[in-house]
Amino acid sequence: MKKIKVALYFPATEVTKPITYHLIKDYDLQINILNADINLNRQGKLVMDMIGTEWNIEAGLKYIEDQGLKYKLFTKSIIWQEEGCVHCGACTAVCPSGALQMDKESWNLTFDKEKCMICELCVKACPLKVMCVSV
């Protein structure tokens, strides 16, 4: 099984299509929606993890293209250099996915890479530059 992170971009005319349904049902893919901003008559964006065999993922991505959608694969990752972190929480204020949070008991920063959308906002927000991008 392979896992990829992908962002789908829906033209305003295509937001009503049941894309994730077909990816699950027709291509035997597991979909984990990380973030979605989809509204009628507006361009939409959906960020998700897609899990399946390499063949099923490739077939699913082709289906997405055939439906008139564009997609972007996330090939980067965010690295937290924890040893230099002072746990100030500045990054948590800009993290749209909740991947960066403050532990309510210890007040230490926690980073859940599985939730990370690789938007890089934390990299810009970190005063000590302990959040960085890996290619």
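Tabulated data
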read-out: Test: residue in the range 34-56 that is in contact with a Ser or Thr (Cβ under 7 Å, 6 or more places away or on another chain), under 24 Å from V135 (Cβ atoms) and at pLDDT below 95; value: yes
read-out: Near pairs, Cβ below 6 angstrom, 6+ apart or cross-chain, from the range 29-51 (over 15 Å from L73 (Cβ atoms)) to any residue that is of a type in the set (V, I, T) and part of a loop (DSSP other than H, G, I, E, B); value: I38/V15; G44/V15; G44/I38
read-out: Whichever residue in the range 108-128 is modelled with pLDDT of 95 or more and outside any helix (DSSP H, G or I) and, among such residues, is surrounded by the fewest Cβ atoms within 10 Å (Cβ to Cβ); value: P127
read-out: Residue among L8, L23, L34 that alone is of a type in the set (A, V, I, L, M, F, W, C), over 15 Å from the mean Cα position of the chain (by Cα) and assigned by TED's automatic domain parsing to the domain that holds W55; value: L23
read-out: Checklist (1) basic (K, R); (2) assigned to a strand (DSSP E or B); (3) not assigned by TED's automatic domain parsing to the domain that holds D26 applied to K104, failing item; value: (2)
read-out: Pair list, Cβ under 9 Å, 6 or more apart: the range 4-18 residue of a type in the set (S, T, N, Q), other residue at pLDDT below 95; value: T13/N41; T13/G68; T16/L40
read-out: Entirely in the range 22-95, the strands (runs of 3 or more DSSP E) that have 1 or more residues that are of a type in the set (S, T, Y) and surrounded by 12 or more Cβ atoms within 10 Å (Cβ to Cβ); value: 70-73, 77-80
read-out: Test: residue in the range 42-61 that is over 13 Å from K5 (Cα atoms) and in contact with a Pro (Cβ under 9 Å, 6 or more places away or on another chain); value: yes
read-out: Count - residues of the range 93-114 that are farther than 20 Å from I33 by Cα and not charged (D, E, K, R); value: 7
read-out: All positions within the range 60-105 that are of a type in the set (D, E), in contact with a Leu (Cβ under 9 Å, 6 or more places away or on another chain) and free of Cβ contacts under 8 Å to residues at least 24 places away in the same chain; value: D103
read-out: Some residue of the range 3-10 being in contact with a strand residue (DSSP E or B) (Cβ under 9 Å, 6 or more places away or on another chain) and exposed (fewer than 15 other Cβ atoms within 10 Å of the Cβ); value: yes
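The values are calculated or read from the model by the stated rules, or taken from the named source; none is laboratory data. All of these numbers come straight from a predicted model, not from anything done at the bench. All Cβ positions, even for glycine, are placed from backbone atoms using ideal geometry, and neighbour counts span all protein chains on display.
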